[in-house]
Amino acid sequence: MHPGLRRGGGAVYTGGMAGNVQGLLKRYFGFDPFRSHQEEIIREALGGRDVFALLPTGGGKSLCFQLPALAFDNQNYATPC
């Protein structure tokens, strides 16, 4: 098991830069602000909660599963529908 994960109630990221999702956004994607609702979606996913996010075309949906995967040391834990 990844050292930043804990069992029970789903995977929850507790290590690394999860507390600083702004830092992850800047480091991996070169962006400063999140688009509307992205940060909330990402924090919920990192908190181990199931998330259904309905965003418009160009709303940044891909980032909402890519950034948490990076926080989990590139483990693919989510896939888009």
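The values are calculated or read from the model by the stated rules, or taken from the named source; none is laboratory data. Every value quoted in this text rests on a predicted model; they were computed, and no experiment measured them. Positions of Cβ are generated from backbone atoms using ideal geometry, with glycine treated the same way; all protein chains shown enter the neighbour counts.
Within segment 49-80, the set of residues being in a loop (DSSP other than H, G, I, E, B), at pLDDT below 85 and within 22 Å of ASN20 (Cβ to Cβ) comprises PHE72, ASP73, ASN74, GLN75, ASN76, TYR77, ALA78.
Scanning segment 25-39 for residues that are of a type outside the set (Phe, Trp, Tyr) and assigned to a helix (DSSP H, G or I) yields a count of 5.
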